[in-house]
Amino acid sequence: MDLDRWLTDLFRTAAAPRDGSGGLPPHATVSGVALLAVGSLGRGEMAPGSDLDLVLLHNGREDIAKIADRVWYPVWDSGVGLDHSVRTVDEAAKVAREDLKAVLGLIQARHVIGDPELTRAVREVVLAEWRADSRRRLAELRESTDRRAEASGELAFLLEPDVKDSRGGLRDVQAMQAVAAAWVASAPGPRVREAYELLLDIRHGLHLVTARGTDRLVLQEQEAVAGTLGLLDADSLMRRLAEAGRTVAHAFDATWRTVDRLVSGPAPRGRRPLADGVVEHGGEVVLARGITPRNDPVLVLRAAAAAAEAGLPLAPATVTTLAAQSPPLPVPWPDEARSALVALLGAGRAAVPVWEELDQAGVIVRLIPDWERVRHRPQRNPVHRFTVDRHLIEAAAGAAAFTREVSRPDLLLISALLHDIGKGWPGDHSTTGEVVARDIGTRIGLPQTDVDILATVVRHHLLLPETATRRDLDDPVTIARVAEAVGTREVLELLAALAVADGHATGPAAWNSWKASLVSDLVRRVRSVLSGTRPATAPALSAEQTALARHGGGAVRVHRGAVTVVAPDRPGLLWRAAGVLAAHRMVVRSASAASAGGTAVIEFSVVPEYGSPPDPATLEADLRLVLAGRLDIEQRLARRARSMRPSRVPVAPPRVTLVDDASATATVIEVRAHDKPGLLWKIGRAIGECGLDVRAARVETLGAEAVDVFYVVDRAGRPISEDQQRIEVREHVLAALR
C-alpha cells in the first residue's frame, strides 16, 4: 500500500471526533494538527528496510496525546520501524536550534496531511533561523560530516562501503542540499543527482537482497545486488559505485570551498601570475585575461601543474573551459606538455586533488586514452585501499618524495603513474602493463631509450618486493637474476623508489619496516653486482662546446631559448651568469659548463617563468656587465626575492651528496632540490664561498625537480680529500638552499 495513503487514513481515523461517526470525510480539513514526513520518507526516497520518520505538529490541542497514540500504535503493530515526535511549532523550532539531525530533517520536511498552516509555519521559522545562523550551523554540519567520514571511510575506495554514511555517500548529498537551503552554495548539479539516484538504487537493491535495513554493501551481497540492478557482475557494480562516490565527494569538496570563501570574507584582490596564461585569483587558479585554450593544447597541463605547485584548486569555471575548449595534444606530445605533466606529478600530495578535478571533467582520458581501462576499477583486495586509477595517482604523488634518490625523477614519476596500468587488461598486469607503458611513453614524446626504461620499470615494478620476501638473498643465483632483469643501476634505483611509493599507496598492510629492510638489503647487493660492470664516468664535452671553447676571448649569445657564455675561465662565472638569468625571470631547464684551456663555455637552455621572454639585447648587456664585474646581481635578486610570495605547498628538503668514485680528478657534488628562481645562483655562490672552483657542471630541471651535478676542485686544482672539508662543503651548500 502507498505509505502516504496509509498514513493519511490513520491520521483521519485518529483525528476524527469520538462520537461514533467514524473517520473524517475525505475532503474535511483538520485544524491545529498536522502530520509531517521527514528523513527518507520526507524526501520520497524510502527503501524497503527504511524506518518511518514522522513529526506530529499541533497548536496546543489537549487531545494531541490521544491522536498520537492512534497514529503510532498501528505503525508499530505493522512491524515498520518508526522514529516519531510530537511538537508545537515553537518546540520544533527550539529542538532544531539545538539538534543538527532535527534541523536537517525539518529543512526537507514534507506535509502529509492535516493543517497546512502548521507545516508552513514550522518550515518558515526553521529555514529562517538556519539561514540567519548559517555561519555557526554550517560549521557544525562540517564537523559532523568530517566525523562521519572518518568513522565510515570513503565510499569509492572501500571493499565493503556504507552507501549512506561513507564519504561520497547519500548523506553527503543531503548535506549539500542543506548548504543550498542556507543560500550559501548552489544545489547539487545534474551529475551529482544522477550519482545520487544510483546510490539510492543500490541501497534499495541491498535492502531487497538482505531483507533488512542495512546500508553496508558487504562482499557476499555484491553479486546479488548487481543482479537486482541488471548489472553484469559485482565488479561492474563496484566500478559504478566508485564513480558515483567520487562524483559526490568531488562536488562535496567544491561546496565546502564555496562555504569557506564566504565565511572567511572576500579574498585579496589582484591576480598573481603562476605560469604562462595562468594566474591566481581569489584563492583559485584561473586563466589570465584574454587567454583561451583553443589554440594552446598544452594550457590544460600547464594550468594543472601551476595549481598543484601553488597548492590551490583550479576554479570550476576554468576546468569547464579547459575541458570544453582544449584541442587534442599532438602525438607525440611536445616537450612542454611532458614537462608540465612531470611538474604536476612532482607536486606530491597537492597533485591528487588537481588530478581529480581533471578526471571529473573527462580531461585525463582525453590526454591518456588508456586511462579509461583503469578508471574507477575496483581492486577487490583488502590490501588495496584505492581503486586502480586512484592508486596510480597516489603512488605518483608518493614518488615525488623520492625524486632526490634517483637520477631520473621524471621517469620515476611517470612510471609510478603507469606501473599498474596493465590492470585494465586481461592477464598478468606487469606483462600487459609493459606493452601499454610503451605505447603511452611514445605518445607523450619520450625518446626511445627512455621508453625502454619506462617499460622495463613497469614490467618489473614488483620484482624487488617479491624477490626480497620470497627468495633467499644469500643465494648468489637470486642476486644474479635480479641484476640481469634490472640491467642498470639507473633502473635499479627507479625500481627501489617505486617499490616504496607503491607500497605506501597500496595500504598499511602492503609496506612495513620488515619489508623495507629486506628490499633495501636486496638493492644493496644488486647495486654491488651492477657497479662491477658499469663504472660511473664524468660527462664529456660535446663537439659544439669544444668548438666554442677554441674561440677563447669573451662572448655572449642569446638566441630564443639558448644562452651561451664563452669567457676566460675564472671562479664564479657559472653562478653569476645564472643570477642574471634569474633576475630576468628566466628558468634554467638545463645547463652545461666546461673548460678548455683557459676558456670556460657555459650553455643554458631557458624558458620564461611566465609571459614573454625578456629583450635579448638587454639580457646580453647584463651578462656582459656581470662578466666585467660591473653588475651587482646579488642586490637585484634580493629585491626580487622580497617581492615573491612563498609557496604554500610543502616540498621534500633539498639533498646534497658528495659522490664517491665518480671522478678521479674532481669532487662530484650532486644537488637535488625543488626548482625555484635563483636556485643555480645560490648553489654556485655557496660552492665559491667554500673556496672551490666548478670545473664542469651538468644542470637539469625535470618538471619541478632540479638535478644539478658539479665537478669541483680546490684552488690548487685538486679534489677535496679531507673528510671534514667534505662535510663542511655539504653543510654550507645545504644551508644556502634552506
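Taking only segment 409-428 into account, find how many residues are in contact with a strand residue (DSSP E or B) (Cβ under 8 Å, 6 or more places away or on another chain) and modelled with pLDDT under 95. Working first, answer last.
First, pick out the residues of segment 409-428 that are in contact with a strand residue (DSSP E or B) (Cβ under 8 Å, 6 or more places away or on another chain): 409-410.
Restricting the remaining residues to those that are modelled with pLDDT under 95 gives none.
Going through segment 409-428 one residue at a time, the tally reaches 0.
Take residue 81 and tell me if it is outside the structural domain of residue 209 (by TED's automatic domain parsing) and closer than 17 Å to residue 3 by Cβ.
Values: outside the structural domain of residue 209 (by TED's automatic domain parsing): yes; closer than 17 Å to residue 3 by Cβ: yes.
Yes: the conditions hold for residue 81.
All but one of (1) of a type outside the set (A, V, I, L, M); (2) crowded, with 18+ Cβ neighbours inside 10 Å; (3) touching a Lys or Arg at 6+ places or on another chain (Cβ under 9 Å) hold for residue 196; state the number of the condition that does not hold.
(3)
Output the number of residues of segment 698-726 satisfying the condition of being without any contact (Cβ under 8 Å) to a residue 40 or more places away in the chain and hydroxyl-bearing (Ser, Thr, Tyr).
Within segment 698-726, residues that are without any contact (Cβ under 8 Å) to a residue 40 or more places away in the chain and hydroxyl-bearing (Ser, Thr, Tyr) number 1.
Being buried (at least 20 other Cβ atoms within 10 Å of the Cβ), within 30 Å of residue 324 (Cβ to Cβ) and not β-branched (Val, Ile, Thr), is that true of even one residue in segment 446-461?
yes
Can you tell me how many residues within segment 187-233 are of a type in the set (A, V, I, L, M, F, W, C), assigned to a loop (DSSP other than H, G, I, E, B) and farther than 19 Å from residue 166 by Cα?
The qualifying residues number 5.
Identify, please: which residue in segment 638-674 is crowded, with 18+ Cβ neighbours inside 10 Å and among the hydroxyl-bearing types (Ser, Thr, Tyr) and is, among those, farthest from residue 311 (Cα to Cα)?
Across segment 638-674, the extreme among qualifying residues is 663.
In segment 1-45, what count of residues is obtained for those that are part of a loop (DSSP other than H, G, I, E, B), at pLDDT 90 or above and not small (Gly, Ala, Ser)?
Residues that pass the stated criteria total 1.
Right, residue 729: closer than 16 Å to residue 668 by Cβ, in contact (Cβ under 8 Å) with a residue 24 or more places away in the chain and under 35 Å from the mean Cα position of the chain (by Cα) or not?
no
Go through (1) assigned to a loop (DSSP other than H, G, I, E, B); (2) among the small types (Gly, Ala, Ser); (3) buried (at least 23 other Cβ atoms within 10 Å of the Cβ) for residue 684 and report which single condition fails.
It fails just one condition, (1).
Pull up segment 77-89, narrow it to residues that are in contact (Cβ under 8 Å) with a residue 24 or more places away in the chain and not in a strand (DSSP E or B), then point me to the one that is surrounded by the most Cβ atoms within 10 Å (Cβ to Cβ). Don't jump to the end; show me each part of the working.
Going residue by residue through segment 77-89, those that are in contact (Cβ under 8 Å) with a residue 24 or more places away in the chain are 80-89.
Narrowing further to those that are not in a strand (DSSP E or B): 80-81, 89.
Numbers: 80: 14, 81: 12, 89: 22.
Among residues in segment 77-89 that are in contact (Cβ under 8 Å) with a residue 24 or more places away in the chain and not in a strand (DSSP E or B), the one surrounded by the most Cβ atoms within 10 Å (Cβ to Cβ) is 89.
Here is a yes/no grid of residues against (1) of a type outside the set (D, E, K, R); (2) modelled with pLDDT under 90; (3) part of a loop (DSSP other than H, G, I, E, B); (4) farther than 26 Å from residue 401 by Cβ:
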{"residue": "676", "(1), (2), (3), (4)": "no, yes, yes, no"}
{"residue": "695", "(1), (2), (3), (4)": "no, yes, no, yes"}
{"residue": "698", "(1), (2), (3), (4)": "no, yes, no, no"}
{"residue": "706", "(1), (2), (3), (4)": "yes, yes, no, no"}
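Of the residues 345, 358, 417, 392, which is under 19 Å from residue 672 (Cα atoms), surrounded by 23 or more Cβ atoms within 10 Å (Cβ to Cβ) and not polar (S, T, N, Q)?
Numbers: 358 fails: under 19 Å from residue 672 (Cα atoms); 417 fails: under 19 Å from residue 672 (Cα atoms); 392 fails: under 19 Å from residue 672 (Cα atoms).
Only one candidate qualifies: 345.
Are any of the residues in segment 708-718 over 15 Å from residue 583 (Cβ atoms), in a loop (DSSP other than H, G, I, E, B) and among the aliphatic types (A, V, I, L, M)?
Yes: segment 708-718 contains one or more residues that are over 15 Å from residue 583 (Cβ atoms), in a loop (DSSP other than H, G, I, E, B) and among the aliphatic types (A, V, I, L, M).
Quick check: is even one residue across segment 434-451 touching a helix residue (DSSP H, G or I) at 6+ places or on another chain (Cβ under 8 Å), in a helix (DSSP H, G or I), under 28 Å from residue 517 (Cβ atoms) and not polar (S, T, N, Q)?
no
Picking from 185, 195, which residue would you name as being in contact (Cβ under 8 Å) with a residue 40 or more places away in the chain and touching a Phe, Trp or Tyr at 6+ places or on another chain (Cβ under 9 Å)?
185
Among (1) surrounded by fewer than 23 Cβ atoms within 10 Å (Cβ to Cβ); (2) assigned to a helix (DSSP H, G or I), which single condition is residue 244 missing?
For residue 244, the failing item is (1).
Specify which of the listed residues (267, 307, 254, 303) is surrounded by fewer than 16 Cβ atoms within 10 Å (Cβ to Cβ) and either more than 30 Å from residue 450 (Cα to Cα) or modelled with pLDDT of 95 or more (or both).
Values: 307 fails: surrounded by fewer than 16 Cβ atoms within 10 Å (Cβ to Cβ); 254 fails: surrounded by fewer than 16 Cβ atoms within 10 Å (Cβ to Cβ); 303 fails: surrounded by fewer than 16 Cβ atoms within 10 Å (Cβ to Cβ).
Just a single option satisfies the conditions, and that option is 267.
I need a count of the residues in segment 362-414 that are more than 20 Å from residue 159 (Cα to Cα) and aromatic (Phe, Trp, Tyr).
Going through segment 362-414 one residue at a time, the tally reaches 2.
Would you pick out the residues in segment 159-186 that are part of a loop (DSSP other than H, G, I, E, B) and over 23 Å from residue 50 (Cα atoms)?
159, 182, 183, 184, 185, 186
Give me the residue from segment 84-120 that is touching a Gly at 6+ places or on another chain (Cβ under 7 Å) and of a type outside the set (A, V, I, L, M, F, W, C) and, out of that set, farthest from residue 56 (Cα to Cα). Before you say what the answer is, go through the steps one by one.
First, the residues of segment 84-120 that are touching a Gly at 6+ places or on another chain (Cβ under 7 Å): 88, 105, 108-110, 115.
Right, trim to of a type outside the set (A, V, I, L, M, F, W, C) and you get 88, 105, 108, 110, 115.
On the way: 88: 8, 105: 13, 108: 15, 110: 12, 115: 11 Å.
Among those residues, the one meeting the criterion is 108.
Let's see how each residue does on (1) in contact (Cβ under 8 Å) with a residue 40 or more places away in the chain; (2) within 23 Å of residue 583 (Cα to Cα); (3) part of a loop (DSSP other than H, G, I, E, B):
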| site | (1), (2), (3) |
| --- | --- |
| 646 | no, yes, yes |
| 649 | yes, no, yes |
| 658 | yes, no, no |
| 662 | yes, no, yes |
| 668 | yes, no, no |
| 673 | yes, yes, no |
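Could you please let me know if residue 60 is surrounded by 20 or more Cβ atoms within 10 Å (Cβ to Cβ) and either small (Gly, Ala, Ser) or not in a helix (DSSP H, G or I) (or both)?
No: the conditions fail for residue 60.
Looking at segment 392-412, I want the residues that are under 22 Å from residue 370 (Cβ atoms) and in contact (Cβ under 8 Å) with a residue 24 or more places away in the chain and have a partner that is basic (Lys, Arg) and part of a helix (DSSP H, G or I) with Cβ atoms under 7 Å, at least 6 apart or on another chain. Which pairs are those?
That search, which allows pairs on different chains as well, returns 397/349.
Would you be able to tell me the number of residues in segment 106-128 that are buried (at least 16 other Cβ atoms within 10 Å of the Cβ) and free of Cβ contacts under 8 Å to residues at least 60 places away in the same chain?
Adding up the residues that qualify gives 5.
I'd like the residue in segment 562-600 that is part of a strand (DSSP E or B) and without any contact (Cβ under 8 Å) to a residue 60 or more places away in the chain and, out of all such residues, is nearest to residue 288 (Cα to Cα).
Out of the qualifying residues, it is 586.
Let's see how each residue does on (1) within 37 Å of the chain's Cα centre (by Cα); (2) assigned to a loop (DSSP other than H, G, I, E, B); (3) under 17 Å from residue 39 (Cα atoms):
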| residue | (1), (2), (3) |
| --- | --- |
| 91 | no, no, no |
| 94 | no, no, no |
| 97 | no, no, no |
| 103 | yes, no, yes |
| 106 | yes, no, yes |
| 113 | no, no, yes |
| 119 | no, no, yes |
| 123 | no, no, yes |
| 136 | yes, no, no |
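The values are calculated or read from the model by the stated rules, or taken from the named source; none is laboratory data. Just so it is clear, the structure is predicted and the values come from calculations on it, not from any experiment. Note that we place each Cβ from the backbone using ideal geometry, even for glycine, and neighbour counts take in every protein chain shown.
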